[in-house]
Amino acid sequence: MSDDARGTGIDTTVPHSARIWNYWLGGKDNYAVDRAAGDEFVKVMPGILTSARETRAFLVRVVRHLAGEAGIRQFLDVGTGLPTANNTHEVAQSVAPDAHVVYVDNDPLVLAHARALLTSTSEGRTRYLDADMGDPESVLRGASEVLDLSRPVAVLFFGVLGHVADTARARSLVRALLSATPSGSYLAVSDGVPTEQATAAHDEYNESGAVPYHLRAPDELRSYFDGLEFVEPGFGPVPLWRPELGGTADVPVIGQADAGPDSPWGGVARKP
């Protein structure tokens with residue numbers, strides 16, 4: 001274990017998905033074991049580098065839409081991962097300075113960096129919550145200190161539900177959080193799908209000692225939205241979702257006219 005991680009609960013001997021994604025996005029909050037695992041993954045699935053940026057660009061567009069056109073002022077970002085450019089609170093508060101954002105994660109490195117990056121507009125609020133998404137009651141209890149759960153909330157799951165091995169269990173976690181929010185709330189989800197290259201790369205990754213990640217077919221991912229009303233254009237490859245909302249200098253829209261075979265899938269839906 002490296003000296004900077006000693007005593008923090010951070011294991012630098014085993015790759016971690018949040019740190020690998022940070023590496024793929026050009027961040028510096030990762031270790032040699034993460035870079036090695038990330039490089040091996042890229043050898044099997046070169047498209048993951050594009051997919052990582054597509055996911056981040058999708059998040060930016062989703063939050064812009066929700067804070068703007070949909071008028072949402074409260075966001076619950078579950079399994080947020082390591083802070084990079086254009087985080088949820090930065091995007092939301094650039095549109096609506098009074099937006100309140102709660103990030104949920106239980107990785108020691110994420111929380112350590114979050115404490116140093118707890119910035120917010122004077123009108124809004126931002127908080128990182130040390131909680132496991134597998135314990136919805138704990139998530140809701142902590143979130144309620146910042147969010148008014150009697151008012152609409154956008155619940156975001158970007159590239160995290162695959163950490164739950166059982167699809168029915170993943171659906172129940174999503175439902176548990178949404179059930180605590182009123183009509184007019186939103187759910188946004190994106191995740192990878194099991195193409196031939198993606199499956200091979202994830203199989204190799206899951207054998208590395210890291211916490212396994214389980215890919216799901218589009219129909220399984222779509223089932224998270226059962227009972228909700230999709231925002232146009234509905235559910236599909238994320239590069240095709242509202243490309244007119246644009247990207248940023250750091251995170252451009254990728255594949256506006258088309259989506260590659262390994263593009264993540266996702267969508268946004270409103271609770272009636």
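Some notes on this structure:
- Pairs are defined by a Cβ separation below 8 Å, a sequence spacing of at least 6 or placement on different chains, a first member in the range 173-201 that is in contact (Cβ under 8 Å) with a residue 24 or more places away in the chain, and a second member that is assigned to a helix (DSSP H, G or I) and of a type in the set (Ser, Thr, Tyr); the pairs so defined are VAL174/TYR224; LEU187/TYR224; VAL189/TYR224; SER190/THR55; GLY192/SER51.
- Residues satisfying the stated conditions in the range 88-102, i.e. in a loop (DSSP other than H, G, I, E, B) and open to solvent by 10 Å² or more (accessible area, probe 1.4 Å): PRO97, ASP98
- Search result, residues across the range 50-79 that are at pLDDT 95 or above and either of a type in the set (S, T, N, Q) or on the phi > 0 side of the Ramachandran plot (or both): GLY71, GLN74
Residue by residue, here is whether (1) in a helix (DSSP H, G or I); (2) more than 18 Å from the chain's Cα centre (by Cα); (3) not aliphatic (A, V, I, L, M) holds:
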site: ASP29; (1), (2), (3): no, no, yes
site: PHE41; (1), (2), (3): yes, yes, yes
site: THR50; (1), (2), (3): yes, no, yes
site: HIS65; (1), (2), (3): yes, no, yes
site: GLU69; (1), (2), (3): no, yes, yes
site: GLY81; (1), (2), (3): no, no, yes
site: VAL104; (1), (2), (3): no, no, no
site: SER122; (1), (2), (3): no, yes, yes
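- Residues satisfying the stated conditions in the range 150-176, i.e. open to solvent by 60 Å² or more (accessible area, probe 1.4 Å), at pLDDT 95 or above and either in a helix (DSSP H, G or I) or touching a helix residue (DSSP H, G or I) at 6+ places or on another chain (Cβ under 7 Å) (or both): ARG169, ARG171, ARG175
- Qualifying positions in the range 133-146 - without any contact (Cβ under 8 Å) to a residue 60 or more places away in the chain and either surrounded by 13 or more Cβ atoms within 10 Å (Cβ to Cβ) or not in a loop (DSSP other than H, G, I, E, B) (or both): MET133, GLY134, ASP135, PRO136, GLU137, SER138, LEU140, ARG141, GLY142, SER144, VAL146
- Answer residue from the range 17-26, given it is over 13 Å from ILE48 (Cβ atoms) and either more than 16 Å from the chain's Cα centre (by Cα) or not small (Gly, Ala, Ser) (or both) and is surrounded by the fewest Cβ atoms within 10 Å (Cβ to Cβ) among those: GLY26
Yes or no, residue by residue, for (1) at pLDDT 95 or above; (2) touching an Asp or Glu at 6+ places or on another chain (Cβ under 7 Å); (3) within 30 Å of GLU69 (Cβ to Cβ); (4) open to solvent by 50 Å² or more (accessible area, probe 1.4 Å):
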residue: ASP203; (1), (2), (3), (4): no, no, no, yes
residue: ASN206; (1), (2), (3), (4): no, no, no, no
residue: ALA210; (1), (2), (3), (4): no, no, no, no
residue: LEU215; (1), (2), (3), (4): no, no, no, no
residue: ASP226; (1), (2), (3), (4): yes, no, yes, yes
residue: PRO239; (1), (2), (3), (4): no, yes, yes, no
residue: GLU244; (1), (2), (3), (4): no, no, yes, yes
residue: GLY247; (1), (2), (3), (4): no, no, yes, no
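- The set of residues in the range 65-87 that are closer than 17 Å to GLY267 by Cα and touching a Leu at 6+ places or on another chain (Cβ under 7 Å) comprises HIS65, ILE72, PHE75, LEU76, ASP77, VAL78.
The values are calculated or read from the model by the stated rules, or taken from the named source; none is laboratory data. Since we're looking at a predicted model, the values are computed, not measured. Note that each Cβ is placed from the backbone with ideal geometry, even for glycine, and that neighbours are counted across all protein chains shown. All accessible areas refer to the heavy atoms of the entire protein, side chains included, with ligands and DNA or RNA removed. Shrake-Rupley method; radii C 1.70, N 1.55, O 1.52, S 1.80 Å.
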